[in-house]
Amino acid sequence: MDQLTIYRQHIKSLLSQYVAGAKPQDHFESQLILDEEHDHYLWLDVGWDGSKRIYHSIVHFDIKNGKIWLQENMTDLDPAEALVELGVRREDIVLGLQPPYKRPYTDYGVA
């Protein structure tokens, strides 16, 4: 199996695990958007709380140029480290949620 396929599987598995462990809510639903064609993977919360619209990106990954980009993490979880534990090389994870000037100081890859 090639590396890209493995990375896709790891991301999908991790996001599915996160959503399954999330506390169910009456006023919104958690959705997984798993776009393998364009390599975008998102966990969204969507719904209404009375008259207030709920539409939040909770965790967002992209795969670009063979690297996994963590674009958003609104949890207390550490998805980058979870990917490392699954066998993804640190240099293949880019913290896109960090400004480019900070990325060389992380324990992860830079683009």
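Annotation for the stretch 17-106: trypsin sites (Lys or Arg not before Pro) lying in DSSP loop with at most 12 further Cβ atoms inside 10 Å of their Cβ are LYS102.
Each Cα pair under 8 Å and six or more residues apart adds its separation to the average, and for the chain the resulting relative contact order is 17 percent.
Cross-link pairs exceeding 23 Å between alpha carbons, from the set LYS12/LYS64; LYS12/LYS52; LYS23/LYS64: LYS12/LYS52; LYS23/LYS64. For chymotrypsin sites (Phe, Trp or Tyr not before Pro), the sites in the stretch 13-111 that DSSP calls loop and that have at most 16 other Cβ atoms within 10 Å are TYR101. Here the dipole of the chain is about 240 debye; that uses its Cα centre as origin and unit charges on the Cβ of Lys and Arg (positive) and Asp and Glu (negative). Applying D = kT/(6 pi eta Rh) to the stretch 1-97, where Rh is the Kirkwood radius over alpha-carbon pairs, T corresponds to 20 °C and eta to 1.002 mPa s, the Stokes-Einstein value obtained is 154 µm²/s.
A short reminder: the numbers here are calculations on the coordinates, not readings from a lab. Since the model is a prediction, treat every value here as computed from it, not as a measurement. As a convention, Cβ positions derive from the backbone with ideal geometry for all residues, glycine included, and neighbour counts pool all protein chains shown.
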